[in-house]
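See structure below.
Read-outs throughout are calculated quantities, based only on the coordinates presented, and are distinct from any laboratory measurement. Computed from a predicted model, the values in this text were never measured in an experiment. Here the Cβ positions follow ideal geometry from the backbone for every residue, glycine too, while neighbour counts run over all protein chains shown.
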Amino acid sequence: LPTRSLYLWGEDDPLLNMSLIQPLLKDVVDIVLSPIAGVGHRPHLEAPEATNRAIINFLLGIDS
């Protein structure tokens, strides 16, 4: 991808093992990784406040 990207995931995601992120990191030029602790595959439903905060910070250029 030629643009800055946000990769947001729940740390307890039972479907996506985080070891799979390494190939993604090689293909994406500028990526911000944003794990959300204590949630699974649907962080937008399980932790909407934390998800929204991560998205807003990304859009404002604040890496947290």
**Asked** Can you give me the relative contact order of the chain as a percent, contacts being Cα pairs under 8 Å and 6 or more apart?
**Response** 39 percent
**Prompt:** Picking from Val39, Pro23, Ala50, whose Cα lies most toward the positive end of the charge dipole for the stretch 10-50 (charges on Cβ: Lys, Arg +1; Asp, Glu -1)?
**Reply:** Pro23
**Request:** With +1 on each Lys and Arg Cβ and -1 on each Asp and Glu Cβ, and nothing else charged, work out how big the dipole of the chain is about its Cα centre, in Debye to the nearest 20.
**Result:** 160 debye
